[in-house]
């Protein structure tokens with residue numbers, strides 16, 4: 001994007017309230033949900049937490065205030081044209097399990113913007129002080145608006161922004177769309193020395209002239225220590241690591257909070273013109289975060305034949321590390337979490353069928369979470385762990401119970417070597 005989305009005029013004094021007050025107001029004995037507790041050594045310990053927002057509720061009602069902050073005001077730094085309103089005026093549930101953020105050409109309350117009397121209203125929500133996450137799968141299914149000047153976004157900011165400022169806080173743009181590119185969305189990182197128009201990112205374009213406003217699409221990141229991968233509808237289109245930053249600081253190994261908004265106009269999308277119709281709507285079906293353990297030690301064991309545990313060999317988080325059977329020992333290499341995307345995660349990475357194979361005997365490994373079918377698993381009532389793409393079961397090779405026995409996929413037979421107890 002061409003200008004810092006997180007920097008703004010006063011958004012008003014609410015910015016300092018949103019980012020700082022919830023933390024300062026917390027009792028001395030507890031932190032707000034999702035905010036790191038200090039360890040004895042003074043370092044923040046990330047809390048593994050799952051966030052599921054399905055936007056269920058009566059038509060016209062506001063979002064759950066225990067989960068979402070509503071920001072108000074304008075944004076001079078991006079030269080956006082809207083005024084973000086409070087309550088349910090521009091952000092309301094539709095009674096069908098969706099949040100609808102509506103941009104209108106109106107000014108019913110004589111709102112004042114950086115350029116004078118505001119021309120548009122819209123809404124912006126965040127989870128600061130209510131939910132943060134560090135690592136995991138972050139996903140939303142939504143339908144974007146259309147038209148010149150529209151700028152919907154699903155993104156994240158470092159929860160320390162009130163202390164270190166932007167861009168030192170870091171910003172992860174999961175999805176941005178600008179109206180003059182109806183078939184393309186963008187994913188971008190911003191941090192010190194690579195912010196605004198210098199952000200590090202890429203775009204994803206639909207095939208055949210399809211437009212994102214025509215249907216719902218799923219936008220996600222898979223985030224682990226020192227790596228973030230973006231996908232659209234399960235199709236991975238970029239992966240970023242510290243190696244992409246040219247020696248500049250990677251500021252993404254800490255908690256972030258979520259943001260949803262619909263901006264109107266600004267440096268990047270340009271202002272609405274005669275072709276733009278109003279109202280326009282960003283319709284959000286759900287927002288889900290499955291943090292896995294992100295290296296924080298959450299999750300639980302998966303036990304198989306002989307009472308042995310599913311284990312990441314050598315507790316090595318490198319891509320391609322074998323996944324095996326081993327004596328249960330309670331280490332992070334044996335703590336598995338179930339993601340809302342169907343993944344099974346340990347050490348911040350995913351259980352993966354090598355090269356997305358479907359043949360009997362294809363080895364199972366640990367790999368960077370990427371949202372592909374090779375990393376989707378279904379745990380059945382019969383205690384099978386099935387990879388739907390291959391229609392095959394997770395299997396202990398040769399039915400062995402020896403330490404170091406490799407796992408693979410194999411036609412489901414009901415044998416003991418394919419039976420697992422998942423407790424994560």
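The values are calculated or read from the model by the stated rules, or taken from the named source; none is laboratory data. Values in this document were obtained by computation on a predicted structure and should not be read as measured data. Don't worry about glycine lacking a Cβ; one is built from the backbone with ideal geometry, like all the others, and counts go over all protein chains shown.
Go through (1) at pLDDT below 95; (2) more than 18 Å from residue 270 (Cα to Cα); (3) part of a loop (DSSP other than H, G, I, E, B) for residue 55 and report which single condition fails. With (1) at pLDDT below 95; (2) more than 18 Å from residue 270 (Cα to Cα); (3) part of a loop (DSSP other than H, G, I, E, B) applied to residue 55, the lone miss is (1).
You will find that of 363, 402, 390, the residue that is more than 30 Å from residue 140 (Cβ to Cβ) and in contact with a strand residue (DSSP E or B) (Cβ under 6 Å, 6 or more places away or on another chain) is 363 and no other. Taking the stretch 373-418 as the range and being out of contact with any helix residue (DSSP H, G or I) (no Cβ under 7 Å at 6 or more places or on another chain), part of a loop (DSSP other than H, G, I, E, B) and buried (at least 18 other Cβ atoms within 10 Å of the Cβ) as the test, the residues that pass are 376, 377, 390.
Checking the structure you have, find out if any residue of the stretch 31-39 is buried (at least 16 other Cβ atoms within 10 Å of the Cβ), at pLDDT 95 or above and closer than 29 Å to residue 201 by Cα. No, every residue in the stretch 31-39 fails to be buried (at least 16 other Cβ atoms within 10 Å of the Cβ), at pLDDT 95 or above and closer than 29 Å to residue 201 by Cα. Within the stretch 183-194, can one find any residue that is in the same structural domain as residue 272 (by TED's automatic domain parsing) and over 27 Å from residue 248 (Cβ atoms)? The answer is yes, given that some residue of the stretch 183-194 is in the same structural domain as residue 272 (by TED's automatic domain parsing) and over 27 Å from residue 248 (Cβ atoms). Just one of 237, 204 is touching a strand residue (DSSP E or B) at 6+ places or on another chain (Cβ under 6 Å), part of a strand (DSSP E or B) and either at pLDDT below 95 or not assigned by TED's automatic domain parsing to the domain that holds residue 147 (or both); which is it? The unique qualifying residue is 237.
With respect to residue 369, determine if the residue is in a strand (DSSP E or B), at negative phi and surrounded by 15 or more Cβ atoms within 10 Å (Cβ to Cβ). Taking the combined requirement at face value, the residue does not satisfy it. For the stretch 81-179, the strands (runs of 3 or more DSSP E) that sit wholly inside it and include 3 or more residues that are touching a residue at least 12 places away in the same chain (Cβ under 8 Å), in the same structural domain as residue 226 (by TED's automatic domain parsing) and within 16 Å of residue 258 (Cα to Cα) are 124-126, 136-143, 150-158, 171-176.
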